[in-house]
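The values are calculated or read from the model by the stated rules, or taken from the named source; none is laboratory data. Here the structure is a predicted model, which means the values were calculated and not measured. Neighbour counts are summed over all protein chains in view; Cβ atoms, including those assigned to glycine, are modelled from backbone coordinates with ideal geometry.
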Amino acid sequence: MRNRLPTILFSVTMLLGMIAAYAVFNSTRQAERSSFDIVADDIIDNLEEGVKQHIALLTATRALVNTIDFDARGAGFKEFIADLGLADNYRGIQGIGLAPLLEINGDVDAEAELEKKYGLTRAIYPETDQEFRTPILLLEPNDERNEKALGYDMFSDISRRDAMIAAARDRRPSASAPVRLVQELDTETQHGFLIYAPIAQKNIEAVQLDDGSKPITGFVYAAFRIGDLHSAALSRTLSSALGLYVQTKDKTDNTETVVFQTNNYEDYADKNGLRSVKSINIAGRVWEVEVLKPASGSLDNSLLYALLTGLMSFLFAGALASSSKLQLNSLRTSEELRIYSEKAAQDKDLMLQEMKHRIKNSIARINSIARQTARSSEDLPEFIKSFSERLQAMATAQDVLARSKWQRASFGDLLRSELEQVFGKNATEVKLSGPEISLDEKYSQAFGLVLHELATNSLKYGGMADIKNDMQITWKIKKLPKRKRGLSIVWREYFDGEKQETASTGGGFGTKLINANIVGELGGSFDRSFDEKGMVVKIDVPLSR
């Protein structure tokens, strides 16, 4: 579990980081959407409020016309419109005018009125097949555009006529469908529309348009250029700075006419981005205004902030996991050092014990060699010679064992060296049988100690304590599970019952040393048993490859 801690910390931190990145992405998107909606609503509200202001002007003009008698030149009307300052204060409105409702035979009177008011000698136009006419006789401010529209019979056009009939029937301002204004002079034309309000002037005979309307004397109206109207609404917002595009459609009576588009709107109409669509009422007409903010080609703020949050989370998670891993490695190293120190102390203690034991065994061997040599020597010179030879053989075998510590050694050579060291010339009497087996440093050390201990015990207590006894050692390779090999050793000593009692009591540190090497170090097994013939020692260890 401890080893998985860095991975767990990294995973948990990254999960929290992804949640945070998603939250940042979502909140940024929502903030962008909210900001966009505010600006889009401002654009639409400005457009709607602008039209309402213009309708309020038209309503005020109607009240003026209904209550005041103008002179022949329409001076009061002109002064009122001039005081409004339409060009400066009410962008989008082209002008406010007056058109009387006349029967078809009233053209002559209308043309005379036009000449009185503006000094124009102009026939009412165009020709019409309608029962009534509504020629423009007053239109202010009097500029080049509006002068062109004077004398125009608006009732001759069906879009204008429908709006006038609706206004007369409902007794309130009514807007026309999109039209081309008569006073449109620019090469880049705009859609226009008109709003009509019915009037009933004093001392003028009223006319009833149809059965559903009340008698009226004519209309005051306002002409609008839709492009200018939108420009006025957009100029009061941050649309250009935010890169917004606007399209407005007239969708009255299930029809659909695009009346305004900002430049390059078509290039972004089908692309992803933020959109806001809202319908507004323009004096009885339904306009649908769509505001679009196209998605940028580069990373938008929400995605950029989310990526930055994710990157910081990744770096933090990596740093946290690395720090945790370093701390765990430090703890692991400390634990390994502690274990190593404890093992070194144990090895040192074992080495000291082994040294003491070997010294005792060496002294015991020397005493045994001395006794055996004394029994077999006839005089002192022979004893000295034989005893010296045995001590020299013992030293030579010790050198072989020392060299085997640093390189691979043959088990048979190691066994013979140890037997020669312990038994001297009598080592040749031990029967040895087994294949050639090469041992590494670890096995050589362990078996050197074990064989030394067994041989020493045999010399002190067992079969070799008496030259009349016999001894046999065999070894072989055996197969173990999972394609492994093992070494099996049988150490057989033959001696009588009296010696058996003595040999069975031989133990203590030597037995512990054997178990420590065979069982503890090599992972094998050690068994010693006695029968009527003597003692049998069985050793089984797995071999390293």
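Once segment 517-545 is narrowed to residues that are part of a strand (DSSP E or B) and touching a Gly at 6+ places or on another chain (Cβ under 7 Å), the residue that is farthest from L350 (Cα to Cα) is G534. Here's a check for you: in segment 171-218, which residue that is of a type in the set (V, I, T) and over 60 Å from the mean Cα position of the chain (by Cα) is nearest to G284 (Cα to Cα)? My answer is I199.
Of the numbered conditions (1) buried (at least 20 other Cβ atoms within 10 Å of the Cβ); (2) among the hydroxyl-bearing types (S, T, Y); (3) in contact with a Ser or Thr (Cβ under 7 Å, 6 or more places away or on another chain), S156 fails exactly one; give the number of that condition. Answer for S156: the failing condition is (1).
Looking only at segment 129-174, count every residue that is touching a Leu at 6+ places or on another chain (Cβ under 7 Å) and of a type in the set (A, V, I, L, M) and tell me the total. Qualifying residue count, segment 129-174: 9. Applying the condition of being assigned to a loop (DSSP other than H, G, I, E, B) and among the β-branched types (V, I, T) to segment 202-235 and asking which residue is surrounded by the most Cβ atoms within 10 Å (Cβ to Cβ) yields T217. Sub-7 Å Cβ pairs linking a first residue in segment 506-535 that is farther than 16 Å from M471 by Cβ to a second residue that is of a type in the set (D, E) and modelled with pLDDT of 90 or more, at least 6 apart or interchain, are G524/D540; S525/D540, ordered by first then second residue. Which residues, counting only those in segment 72-92, are more than 57 Å from the chain's Cα centre (by Cα) and in contact (Cβ under 8 Å) with a residue 12 or more places away in the chain? Scanning segment 72-92 gives A72, R73, G74, G76, F77, K78, F80, I81, A82, L84, L86. Could you check segment 153-165 and list, in sequence order, the residues that are within 16 Å of F224 (Cβ to Cβ) and of a type outside the set (A, V, I, L, M, F, W, C)? The answer is D157, S159, R160. Of all residues in segment 58-79, those satisfying the criterion of being surrounded by fewer than 19 Cβ atoms within 10 Å (Cβ to Cβ) and part of a helix (DSSP H, G or I) are T59, A60, A63, L64, N66, T67, A75, G76, K78, E79.
For segment 206-226, the set of residues classified as in contact (Cβ under 8 Å) with a residue 40 or more places away in the chain, more than 16 Å from L150 (Cα to Cα) and of a type outside the set (A, V, I, L, M, F, W, C) consists of D210, G212, S213, K214, T217, R225, listed by residue number.
Out of segment 258-297, which residues are of a type in the set (A, V, I, L, M, F, W, C) and more than 21 Å from V179 (Cα to Cα)? Result: A269, L274, V277, V291, L292, A295.
Table: residues versus (1) aliphatic (A, V, I, L, M); (2) in contact with a Cys (Cβ under 6 Å, 6 or more places away or on another chain); (3) modelled with pLDDT under 90; (4) closer than 16 Å to F260 by Cβ.
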site	(1), (2), (3), (4)
R172	no, no, no, no
P178	no, no, no, yes
E184	no, no, yes, yes
T189	no, no, yes, yes
I204	yes, no, yes, no
A222	yes, no, no, no
A232	yes, no, yes, yes
S235	no, no, yes, yes
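Report, ordered by the first and then the second residue, all pairs with beta carbons closer than 8 Å, sequence separation of six or more or different chains, a first member in segment 34-48 that is within 18 Å of F260 (Cα to Cα), and a second member that is of a type in the set (D, E, K, R) and not in a helix (DSSP H, G or I). Hits for this filter: A40/K278; D41/K278; D42/R236; I44/K278; N46/R236.
Of all residues in segment 243-267, exactly one satisfies the criterion of being in contact (Cβ under 8 Å) with a residue 60 or more places away in the chain, assigned to a strand (DSSP E or B) and over 14 Å from F193 (Cα atoms), namely V246.
The condition (being touching a strand residue (DSSP E or B) at 6+ places or on another chain (Cβ under 9 Å) and closer than 24 Å to V277 by Cβ) is satisfied by just one residue among L64, L57, L47, L84: L47. Among the residues making up segment 159-201, a single one is buried (at least 21 other Cβ atoms within 10 Å of the Cβ), of a type in the set (S, T, Y) and in a loop (DSSP other than H, G, I, E, B): S176.
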